[in-house]
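Participant: Before we start, here is the structure in question, set down as structure tokens.
The values are calculated or read from the model by the stated rules, or taken from the named source; none is laboratory data. None of these values were measured; they are calculated from a predicted model. Note: ideal-geometry Cβ built from the backbone for every residue, glycine included; neighbour counts use all protein chains shown. The protein model used for the area step is the full one, side chains on, heavy atoms only, and it has no ligands, DNA or RNA in it. Shrake-Rupley method; radii C 1.70, N 1.55, O 1.52, S 1.80 Å.
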Amino acid sequence: MDKMVLKAQDLEFGFGPDPVLKGVSLEVQEGTVCAVVGPNGSGKSTLLRTISGYLTPRKGYVEVAGVNVHQAPFSLRSRLVTYCGDDGAPSFAFSVKETVLLGRYAGSHEDPSVDLAAAEQAMRAVDVWKLKDRAITELSSGERQRVYLARAICQDPEVFLLDEPTAHLDMSYEIMVMETVGRMASSGKTFLMVVHDLNLALRYASKVVCMKNGKIVWTAAPDEVTAEMVRAVYGVEALVLKHDTLGTPMIIPVSRSDDGR
Amino acid sequence: MKYRSRQGKLLAILLFLSGVVLPLGLCLGSVRLPLGGVLRALLSGPSALIETEPESTWSTIVWTLRFPRVVQAFVEGAALGIAGAVMQGLFRNPMADPYVLGVSSGASLGAVLGLVLGVGRALGIWGLPAMAFSGAILSTAFVYGLATHRGRTDTWTLLLSGIAVSSLVSSAIALLMVLFRERVDEIVFWTLGGLTRATWKSVGASLVYTVPGLLVLWKSSRALDAISFGEETAFHLGVPVQTVKRRLLWAGSLVTAASVAFTGPIGFVGLIVPHAVRLAAGPRHGWLLPLSGLAGGNVLVLSDLLARSAVPPREIPVGVVTALLGAPFFLRLLFRARRDA
């Protein structure tokens, strides 16, 4: 049951001489949601892009289901792990359906109707089925974000690396996407995601990893997070409460603390 | 927006257009031939002994002059359309094409050098093409090398080095024109392009290079779809991006070089055709490449028709025609894009 499907060991990465990741080790249990939080520029996205195999670390390694992602063949890797962030403005007017179907690039089935069914299911999961024939160049950034999420779901890897999956979403879609993530996790998929909203992380993740200056400063279960830990990382005085009905911890930022960061 | 029906419709239109344009290319020219006569000449074969006049002359005109010329125009137009579509998808930039990237000018310089050094005459029909290939491959390798750092190629650096190499090569050709005054007329062919040299032999020689190149390009169309979303996204989807990119650049250069070798550099077909096809039928490369091929073939046959029949008995270089037709069309697209933005 306690299988660690994702294991990152002592990762060091840098674009130039100064390292962005300074020895990051991390394990995520199969079928769970792990949130990565931390101030801007702390190396959260770089961590995800290194774990995905795209950035090659100077030191350390990443294993997904026992496979070293930086040495795995392309098609095997893409069935084990994917990264979903912001693609930026699309250059060409692919339809939403064509975009989502690209998730099957490496794992396409002999029978195209299987791929189509997977794409439809993924589109329905994040409510973009109704947009299926629209061109992605015509969509709002929130709609586009859900389309890219649907493409990742359609790809169906074991581990999802989501970089701020709710950044452009409204309140309602935020809940929808997080509930989809939760449902997929209980069916065995594993999520590591960068989240800015601490409350979102505390409510939906079972483990919160906090980064600062390229290092993990603390790892905690949601109900272990204290005002002290928030101040240490963000330099913000906050109230940590327990939500009356949800029972989940809640953080209310109050002010910047005097000593700053 | 339903792309599937739009793709089918465009395919039908282009096939119909080919059915009109190709016979037109055989009938029209400095001497106008009746369609019936052309058809009879076609049906009786290239080596039929025809005693009666003017049928005998018609047969000669059709089989030795116009038919190979029309076929060559179609093949090279198709090659340019497809190569342009590939370059635009690869660099996620509708301004990219083999000309912008310096592939064509490299091929021209290779051919001109072959001409003034006499290599062309030594090797016969394979001489100039071989030189053009070397030029295209060298300039591609040079441009690609300039833009590649630690195994990754930056798109903008690639486009900029392409433009820089292009203008460098153009000045080199201009210099050769000054140094070899007596060969200016021949050198001009490699700066403007034309189909005056088309023979069955040159059609065959071109196909030997073009067909395998186009097959490689077409086989990569799904990877191109993924790359259209950015190289990092394609990587996460499982596309071996750097390998695919290298393969597409080499095959694209081969196809472009084949076209330059036999018809000189012809601009705007590779830029405009894929652009227009994408607007009409969507960006999926599995459709975009064959449709751009068909459209490019038709466009070049039509342009050549204009080139040889607009101001008889003179012939305009076909590159001039495509530029005259293409540039305003391109500006229109630019204006529309700006209005929509």
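Participant: Pop the C-beta distance of residue A:127 and residue A:244 into the FRET formula with R0 = 25 Å and round what comes out to the nearest 0.05.
Facilitator: So, using R0 = 25 Å, E works out to roughly 0.25.
Participant: Quick one: among B:46, B:212, B:265, which has the greatest mean-square fluctuation in a GNM of chain B with alpha-carbon springs under 10 angstrom?
Facilitator: Maximum fluctuation in the GNM of chain B, among the listed residues, is at B:46.
Participant: Against the longest alpha carbon principal axis of chain A, how many degrees, from 0 to 90 and to the nearest 10, is the axis of helix A:112-125 turned?
Facilitator: 40
Participant: Report, to the nearest 10°, how far helix B:127-147 tilts away from the longest principal axis of the Cα atoms in chain B, using its own Cα long axis and a range of 0 to 90°.
Facilitator: 20
Participant: Let me ask another. Would you mind working out the magnitude of the charge dipole of the stretch A:136-261 relative to its Cα centre, with +1 at each Lys and Arg C-beta and -1 at each Asp and Glu C-beta, to the nearest 20 Debye?
Facilitator: Roughly 260 debye for the stretch A:136-261.
Participant: Right, next: Using amide H atoms built 1.01 Å from N in the peptide plane, name the residues 5+ places from residue A:10, or on other chains, whose amide H lies under 5 Å from its own.
Facilitator: Excluding prolines and chain starts, which carry no amide H, the hits are A:24, A:25, A:26.
Participant: Please get the size of the charge dipole for the stretch B:189-341, origin at its Cα centre, with Cβ charges of +1 on Lys and Arg and -1 on Asp and Glu, quoted in debye to the nearest 20.
Facilitator: Details: 15 positive and 6 negative charges, 12 e Å.
Magnitude of the dipole: close to 60 debye.
Participant: Looking at B:109, A:243, B:243, which one has the Cα that reaches farthest to the positive end of the dipole of the protein assembly as shown (charges on Cβ: Lys, Arg +1; Asp, Glu -1)?
Facilitator: B:109
Participant: Please tell me the relative contact order of chain B in percent, rounded to the nearest whole number, where contacts are Cα pairs under 8 Å and at least six residues apart. Intermediate results must be reported in sequence, preceding the final value.
Facilitator: Values: 515 pairs, mean separation 98.8, N = 341.
Worked out over chain B, it gives 29 percent.
Participant: I've got another one for you. Cross-link candidates for residue A:215: which lysines have Cα within less than 17 Å, leaving aside residues fewer than 8 places away along the same chain?
Facilitator: Within the straight-line limit of under 17 Å, residue A:215 reaches these lysines: A:7, A:22, A:44, A:59, A:207.
Participant: Also, I was wondering about something else. If you take the square roots of the eigenvalues of the alpha-carbon gyration tensor of chain B and sort them as a ≥ b ≥ c, do you get rounded (a/c under 1.5), prolate (a/b over b/c) or oblate?
Facilitator: oblate
Participant: A further question on this structure: Which residue, A:137, A:19, A:85, has the largest displacement toward the positive end of the dipole of chain A when charges sit on each Cβ (Lys, Arg +1; Asp, Glu -1)?
Facilitator: A:19
Participant: Classify the stretch A:30-74 as rounded, prolate or oblate, taking a ≥ b ≥ c as the square roots of the eigenvalues of its Cα gyration tensor: rounded when a/c is under 1.5, otherwise prolate if a/b is larger than b/c and oblate if not. List each step's numbers first, then the result.
Facilitator: Details: a/c = 2.59, a/b = 1.34, b/c = 1.94.
Oblate, since a/c reaches 1.5 and b/c is not below a/b.
Participant: Taking N as the number of residues in the stretch B:124-274, what is its alpha-carbon radius of gyration divided by 2.2 N^0.38 Å?
Facilitator: Scaled against compact globular proteins, the figure is 1.16.
Participant: How high is the relative contact order of the stretch A:205-261, in percent, with contacts defined as C-alpha pairs under 8 Å that are six or more residues apart?
Facilitator: 25
Participant: On full extension of the chain, what length is gained from residue B:335 through residue B:95, given 0.36 nm per residue of separation minus the C-alpha to C-alpha distance?
Facilitator: Fully extending the segment from residue B:335 to residue B:95 adds 85.0 nm.
Participant: So, one more: Within the set of other residues whose C-beta is less than 14 Å from the C-beta of residue B:315, count the net charge using Lys and Arg as +1 and Asp and Glu as -1.
Facilitator: That sum, taken over residues with Cβ under 14 Å, equals +3.
Participant: How many times 2.2 N^0.38 Å is the alpha carbon radius of gyration of the protein assembly as shown? Write down the numbers at each step before the final one.
Facilitator: Details: Rg = 29.6 Å, N = 602, 2.2 N^0.38 = 25.0 Å.
Here the Cα radius of gyration is 1.18 times the empirical estimate.
Participant: Within the set of other residues whose C-beta is less than 11 Å from the C-beta of residue B:270, count the net charge using Lys and Arg as +1 and Asp and Glu as -1. The partial results should precede the final answer.
Facilitator: On the way: positive: none; negative: B:76, B:97.
Taking every other residue near residue B:270 into account, the sum is -2.
Participant: Moving on to the next point. For the stretch A:56-110, compute Rh as the Kirkwood radius over C-alpha pairs and then the Stokes-Einstein diffusion coefficient at 25 °C and 0.890 mPa s; write the answer in µm²/s, rounded to an integer.
Facilitator: Reported coefficient: 180 µm²/s.
Participant: Summarise the accessible area of chain B (1.4 Å probe, protein heavy atoms) by the percent that is carbon and sulfur.
Facilitator: On the way: 10550 of 15020 Å².
Answer for chain B is 70 percent, counting heavy atoms of protein chains only.
Participant: Evaluate the relative contact order of the stretch A:123-203 (contact order divided by residue number), counting alpha-carbon pairs under 8 angstrom at least 6 apart; express in whole percent.
Facilitator: Computed value for the stretch A:123-203: 32 percent relative contact order.
Participant: So which aspartates and glutamates pass the test for residue A:132, namely a Cα distance under 16 Å, with those fewer than 8 places away in the same chain ruled out?
Facilitator: Filter leaves A:98, A:115, A:120, A:143.
Participant: Can you return the lysines within cross-link range of residue B:245? Criterion is Cα-Cα under 16 Å, with same-chain partners fewer than 8 residues away left out.
Facilitator: B:219
Participant: Report the Cα centroid-to-centroid distance between the stretch B:73-119 and the stretch B:193-220 in angstrom, as an integer.
Facilitator: With the stretch B:73-119 and the stretch B:193-220 each reduced to a Cα centre, they are spaced 13 Å.
Participant: To the nearest 20 debye, what charge dipole does the protein assembly as shown have about its Cα centre, counting +1 at the Cβ of each Lys and Arg and -1 at the Cβ of each Asp and Glu? Present the calculation step by step, with values, prior to reporting the outcome.
Facilitator: Numbers: 57 positive and 48 negative charges, 261 e Å.
My answer is approximately 1260 debye.
Participant: What do you get for the angle between helix B:318-340 and the principal long axis of chain B? Use alpha-carbon atoms, 0 to 90 degrees, nearest ten.
Facilitator: The two axes meet at around 40 degrees.
Participant: What is the sum of charges around residue B:57, taking Lys and Arg as +1, Asp and Glu as -1, for the other residues whose C-beta is under 14 Å from the C-beta of residue B:57?
Facilitator: Local charge sum for residue B:57: 0.
Participant: 7 Å from Cα along Cα→Cβ at both residue A:10 and residue A:89: what's the point-to-point distance in nm?
Facilitator: 4.5
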